[in-house]
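Asker: One structure is given below, represented as structure tokens, and several questions about it will come after.
Nothing in this text is a laboratory measurement; each read-out follows from the coordinates by a stated rule. Predicted model only: the values in this text are computed from it and were never measured. Neighbour counts are summed over all protein chains in view; Cβ atoms, including those assigned to glycine, are modelled from backbone coordinates with ideal geometry.
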Amino acid sequence: MDTKRYSVHVRFYRPLLFILVVTACHPTTGPKEATPEEIATFFKESRKKVLTFVGYSGAEYEDKAAMLTQAKRILAEFDPAKTIVNIGATLDGIGAVYEEAKRLGFVTTGTVSTQARESKATLSPYVDHVFYVKDATWGGLLESTRQLSPTSTAMVMSSDVIVGIGGGDVARDEMLAAKQLGKEVRFIPADMNHRIAIEKAEKKGQSSPTEFHGAAHAVFSATDNQTRNSTEETPHHDSQANGRARGRADAGRPSGRITALGSRVSFRYRAAGVEWSTGAGRAVSRTASAVTTHGNPSGDARRPGN
């Protein structure tokens, strides 16, 4: 075999061999149902940092290539031997990051509501371990309470770093909860797919949307992309959590109380003219010119129908 042909073979087979070795050391398992506590134990026993990506799923991205470029930049900061990449298990939207993560040699996991199993949502072929969390919702804050759903509780409990690339209500709620717990949270603005959003509105008999940033953008772009000194947080006048949160409120961290098992969440968040608050399972974003109420979450990862 001449030197040129040998070089070509090495370049082609070396990445494949690396992935095979990683897979042998971390064998994949079939999807299984687990509680947030059991999922947290799995990650703890791995002794690795958990890097979680959240964003759009069925709502897709207007510029998917740009989203993947951002994801690759983030992945390059972490050591595949010491990091697990966790997403929402499904193939669409942010789930495209799985393929790149596997190519780089990361072990991959997916945490998703049992709603995905019941709706027969397509799972990514690049996810090594899938955990279904018994949940009547797809995630985020529960409709009738201020508690995180079981799925979102599992995501927040298990993650060391959460990176949101765009995202709707569920992504926003999870990132806010993670911030409250002092975890590292990063947000990268990204539009949902315009055509899909317009077609969805038309099917519902609604007027075509003109804003495609997603619910997470209203809170996190103001914090991450503008002066943090303009951030002011005011907790709701409610319970002992109010007093404890008051001393902890700082730029980019919502006040209130969130525990690992999804205790009551109650806070108001203001940054650069945008106010976000929770209450009875609803989130309200206010700007100087408009008021938008986010009731039923949409567009998030782990939500294939949106």
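Asker: Of Lys82/Lys200; Lys49/Lys204; Lys183/Lys203; Lys102/Lys204; Lys102/Lys134; Lys102/Lys203, which ones are farther than 31 Å apart at the Cα?
Answerer: Details: Lys82/Lys200 41 Å; Lys49/Lys204 42 Å; Lys183/Lys203 39 Å; Lys102/Lys204 38 Å; Lys102/Lys134 27 Å; Lys102/Lys203 37 Å.
Cα-Cα > 31 Å for Lys82/Lys200; Lys49/Lys204; Lys183/Lys203; Lys102/Lys204; Lys102/Lys203; rest within.
Asker: Name the residues whose placed amide hydrogens come within less than 5 Å of the amide hydrogen of Ser113, ignoring near sequence neighbours (fewer than 5 apart) on the same chain.
Answerer: Long-range HN contacts for Ser113: Val133.
Asker: Residue separation times 0.36 nm, minus the C-alpha to C-alpha distance between Thr114 and Arg186: what's the value? Mind showing how you got there, number by number?
Answerer: Details: separation 72, 0.36 × 72 = 25.92 nm, distance 2.69 nm.
Gain on extension, Thr114 to Arg186, equals 23.2 nm.
Asker: Now a separate question. From the convex hull of the Cα coordinates of the range 29-218, what is the mean projected area in square nanometres?
Answerer: 10.6
Asker: Once phi is turned into ³J(HN,Hα) by the Karplus curve 6.51 cos²θ - 1.76 cosθ + 1.60 with θ = phi - 60°, what whole-Hz value does each residue of the range 166-177 show in order, with x for glycine and proline?
Answerer: x, x, x, 4, 5, 4, 4, 5, 5, 5, 5, 5
Asker: Same structure again: Show me 210-221, 170-181, 46-57, 187-198 ranked by packing, highest mean number of other Cβ atoms within 10 Å first.
Answerer: Sorting 210-221, 170-181, 46-57, 187-198 by mean packing, highest first, produces 170-181, 46-57, 210-221, 187-198.
Asker: Right, next: Taking H as built 1.01 Å from N, whose amide H comes closer than 5 Å to the amide H of Gly164, not counting residues under 5 places away?
Answerer: Val54, Arg186, Phe187, Ile188
Asker: Given a Förster distance of 30 angstrom, what is the FRET efficiency for Lys44 paired with His213, based on the Cβ-Cβ distance and rounded to 0.05? Don't skip to the end; give the middle numbers.
Answerer: Numbers: r = 35 Å, r/R0 = 1.17.
That pair, Lys44 with His213, gives E of 0.30.
Asker: Once phi is turned into ³J(HN,Hα) by the Karplus curve 6.51 cos²θ - 1.76 cosθ + 1.60 with θ = phi - 60°, what whole-Hz value does each residue of the range 138-151 show in order, with x for glycine and proline?
Answerer: Coupling constants for the range 138-151: 8, x, x, 6, 5, 4, 9, 9, 9, 9, 5, 5, x, 5 Hz.
Asker: Also, I was wondering about something else. Net charge near Ala81, counting Lys/Arg +1 and Asp/Glu -1 over other residues with Cβ under 12 Å of its Cβ? Let's see the in-between values first.
Answerer: Values: positive: Arg47, Lys48, Lys49, Lys82; negative: Asp79.
Surrounding charge for Ala81 is +3.
Asker: Now for a separate question. Using 0.36 nm per residue of separation minus the Cα-Cα distance, give me the extension gain between Glu202 and Ala81 in nm, one decimal.
Answerer: 38.9 nm
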